[in-house]
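Step one of this worksheet: look at the structure below.
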Amino acid sequence: MTIQYRGHSVIDQERRMIGTIDDVLYDAEGSPTWAIVDVGLLRASHFVPIEVGYTADDGAFVVPFDKQTVTSAPKADRSHTIDPATETELRQYYGIRDEHDAN
């Protein structure tokens, strides 16, 4: 079953609104990796890692970050693409180990 993310609300663990998923980036195998989250009027969209969140029963995507953390993350440009350097920066920012790191 494929999970549809676009258009769903992004909330923190206290159910406070962060934004709405505007787009999703996928890896070479077709797995979702990064959500592009629109955090509000006149604010830039930001990358949020899919792997640390989950979809609640009501369809909202729940992440372990508050809105301030997301809005302080590197911004997504209009093309909604990500280069390796930006992905490394995002993984470090969100405290996510790269799957290629040694255990």
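The values are calculated or read from the model by the stated rules, or taken from the named source; none is laboratory data. These figures come from a predicted structure and were not determined experimentally. All Cβ positions, glycine included, derive from the backbone under ideal geometry; neighbour counts span all protein chains shown.
Summary table
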item: The stretch 1-23, subset at pLDDT below 95 and among the hydrophobic types (A, V, I, L, M, F, W, C), residue nearest to S72 (Cα to Cα); result: I3
item: Per-region count, the stretch 49-60, residues surrounded by fewer than 18 Cβ atoms within 10 Å (Cβ to Cβ) and under 10 Å from the mean Cα position of the chain (by Cα); result: 2
item: Hey, H46 out of contact with any Cys (no Cβ under 6 Å at 6 or more places or on another chain), closer than 23 Å to Y93 by Cβ and buried (at least 20 other Cβ atoms within 10 Å of the Cβ) or not; result: yes
item: Residue within the stretch 73-80 that is more than 19 Å from I18 (Cα to Cα) and either not hydrophobic (A, V, I, L, M, F, W, C) or not in a strand (DSSP E or B) (or both) present; result: yes
item: Residues of the stretch 61-84 satisfying the condition of being small (G, A, S) and either surrounded by 17 or more Cβ atoms within 10 Å (Cβ to Cβ) or within 12 Å of the chain's Cα centre (by Cα) (or both); result: A73, A76
